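Remarks on the structure that follows.
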Amino acid sequence: MAGTPSFSLSEPLSEGGTHLHDGLVWAIFCRFGHEPVELPRDVVTQRLTTGQFPPEFAGQDGWAWFHFDIVHTLSRAQIETIPSLPEDARQVLTNPERSTRLDSEGDIVFGALPAFDDTGVDDDRNVSTWRFSLEPDLLLTTRRHPIPALGVVYHELWRGLAPRSPAKVVDRALLEFADTVRRDFARLDDQLDRAEDVLLMLDRDTDLGRVSGLLGVVRRRSTELRRVLAPVDRLFRDEELELPDWAEDDLRDRSHRQVHAALDDLLALQDRARSLQDELASNQAEETNRRLYIVSVGTTLMLPATFVTGFFGMNTGGMFLTTGNWGTVEAGGFCFLIMLGTWLVLKMTKLL
């Protein structure tokens, strides 16, 4: 059991576990400075039902991580009957909703935190929720969709990076989420750079609709991420939240800094997107005014000619220029002279 299990983060259900038939994705026992050990199913059952590890694990300075897929009915039923967990913690672990939460009762910390799942493409991944219950010697996590961030932390543990406290696993998963969000920010910022370059090099051939599309994608995605980050930031800033001393530094301090920094970056990105949106609206209004100006000038120049043609079109007797071979030419020249006179008047009055 000491070897690292081989798996791919892209696998939709496995995430490295070997107990997926009953919803248990993985169960490992970690000690600081040592390689994790996979736990057999009977050890997992004993810890969940009695709150104690067998003697061979109870005397060791370590902690366990049980990860469940709550799509399975068996895993939900087992979690709902864990006697050592408070009722609120059991409800959070099996709750299918995507709302975030962080709470504590005694030495147990529980909640639901955001993460990207692997159901979407890399450029537009969906945000899902994973849930956890945290004790000094046990981290219990659940999810409905595979969470790559948890798989990354799981890999790190097998590389000998097991921390002293399971609270740091939660902190590390949040850090991975924040890093992924920042990579999304970098991609969105590149799109804003392209939109800004187009606006700075604006000419008559510029496709403002394409710029509008780029800004629309950035604003939509940044709004989605803000709806995720803002509630988490509020959770950690809640003055009424009291965490046990053993988890305070890792969860409230480090995690809050990570999430708050990502939220600051997001707000800066949204401010830049709004600024470019205002610039785009200004350019679109200027382009519209330019086209209206051309139409207005053409209409003004043709107005006298329209009057002349209307005058000569009257079906009345005694109309001059009706005799001779050059009447049409003379009437056309008369229209041209009136249009030229109108143009000179507009130039002298600085309307053109």
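The values are calculated or read from the model by the stated rules, or taken from the named source; none is laboratory data. Since this is a predicted model, take the numbers as computed values, not measurements. Here Cβ is always computed from backbone atoms with ideal geometry, including for glycine, and neighbour counts include all displayed protein chains. Protein only, heavy atoms only, side chains kept; ligands, DNA and RNA dropped before computing areas. Shrake-Rupley method; radii C 1.70, N 1.55, O 1.52, S 1.80 Å.
Condition first: assigned to a helix (DSSP H, G or I), within 23 Å of the chain's Cα centre (by Cα), more than 19 Å from GLY106 (Cα to Cα) and of a type in the set (Val, Ile, Thr). Can you find one or more residues in segment 280-296 that meet it?
No, segment 280-296 contains no residue that is assigned to a helix (DSSP H, G or I), within 23 Å of the chain's Cα centre (by Cα), more than 19 Å from GLY106 (Cα to Cα) and of a type in the set (Val, Ile, Thr).
Can you give me the number of residues within segment 174-206 that are modelled with pLDDT of 85 or more and polar (S, T, N, Q)?
2
If the requirement is being under 30 Å from ARG290 (Cα atoms) and open to solvent by less than 40 Å² (accessible area, probe 1.4 Å), which of these qualifies: LEU174, LEU192? Show your work before the answer.
Numbers: LEU174 fails: under 30 Å from ARG290 (Cα atoms).
Of the residues listed, the single one that is under 30 Å from ARG290 (Cα atoms) and open to solvent by less than 40 Å² (accessible area, probe 1.4 Å) is LEU192.
Any residue in segment 176-191 that's on the phi < 0 side of the Ramachandran plot: show its pairings with residues that are of a type in the set (S, T, N, Q) and in a helix (DSSP H, G or I) at Cβ separation under 6 Å, as long as the two are six or more apart or on different chains.
Between residues of segment 176-191 that are on the phi < 0 side of the Ramachandran plot and residues that are of a type in the set (S, T, N, Q) and in a helix (DSSP H, G or I), the close pairs are ALA178/GLN258.
For segment 124-163, what are the residues that are part of a strand (DSSP E or B) and among the small types (Gly, Ala, Ser)?
Going through segment 124-163, the residues part of a strand (DSSP E or B) turn out to be 127-135, 138-143.
Within segment 124-163, SER128, SER133 meet the criteria.
What single numbered condition from (1) over 21 Å from ARG172 (Cβ atoms); (2) open to solvent by 50 Å² or more (accessible area, probe 1.4 Å); (3) at pLDDT 80 or above fails to hold for ARG210?
(3)
For segment 132-170, which residues satisfy the criterion of being open to solvent by less than 30 Å² (accessible area, probe 1.4 Å) and under 20 Å from the mean Cα position of the chain (by Cα)?
Matches in segment 132-170: ARG143, PRO146, ILE147, ALA149, LEU150.
Conditions first: (1) open to solvent by 70 Å² or more (accessible area, probe 1.4 Å); (2) at pLDDT 75 or above; (3) polar (S, T, N, Q). THR309 passes all but one, so which condition is the exception?
Here THR309 meets the rest and fails (2).
Does ARG220 qualify as being open to solvent by 70 Å² or more (accessible area, probe 1.4 Å), free of Cβ contacts under 8 Å to residues at least 40 places away in the same chain and under 28 Å from ALA112 (Cβ atoms)? Give the derivation first.
Working: open to solvent by 70 Å² or more (accessible area, probe 1.4 Å): yes; free of Cβ contacts under 8 Å to residues at least 40 places away in the same chain: yes; under 28 Å from ALA112 (Cβ atoms): yes.
When the stated conditions are applied, ARG220 passes them.
Considering each of LEU276, LEU263 in turn, give the residue that is surrounded by 12 or more Cβ atoms within 10 Å (Cβ to Cβ), at pLDDT 75 or above and within 30 Å of PHE236 (Cβ to Cβ).
Numbers: LEU276 fails: within 30 Å of PHE236 (Cβ to Cβ).
Answer to the selection: LEU263.
Could you tell me whether any residue of segment 229-236 is closer than 17 Å to LEU188 by Cα and not in a loop (DSSP other than H, G, I, E, B)?
Filtering segment 229-236 for residues closer than 17 Å to LEU188 by Cα gives 229.
If we keep only those that are not in a loop (DSSP other than H, G, I, E, B) too, we end up with 229.
Yes.
Of the residues ILE79, ILE108, only one is out of contact with any strand residue (DSSP E or B) (no Cβ under 6 Å at 6 or more places or on another chain) and either of a type in the set (Val, Ile, Thr) or at pLDDT 90 or above (or both); which? Show your work before the answer.
On the way: ILE108 fails: out of contact with any strand residue (DSSP E or B) (no Cβ under 6 Å at 6 or more places or on another chain).
Selected residue: ILE79, the only one of ILE79, ILE108 that is out of contact with any strand residue (DSSP E or B) (no Cβ under 6 Å at 6 or more places or on another chain) and either of a type in the set (Val, Ile, Thr) or at pLDDT 90 or above (or both).
Evaluate segment 197-213: report whether one residue or more is in contact (Cβ under 8 Å) with a residue 24 or more places away in the chain, out of contact with any Phe, Trp or Tyr (no Cβ under 8 Å at 6 or more places or on another chain) and basic (Lys, Arg).
Scanning segment 197-213 turns up no residue that is in contact (Cβ under 8 Å) with a residue 24 or more places away in the chain, out of contact with any Phe, Trp or Tyr (no Cβ under 8 Å at 6 or more places or on another chain) and basic (Lys, Arg).
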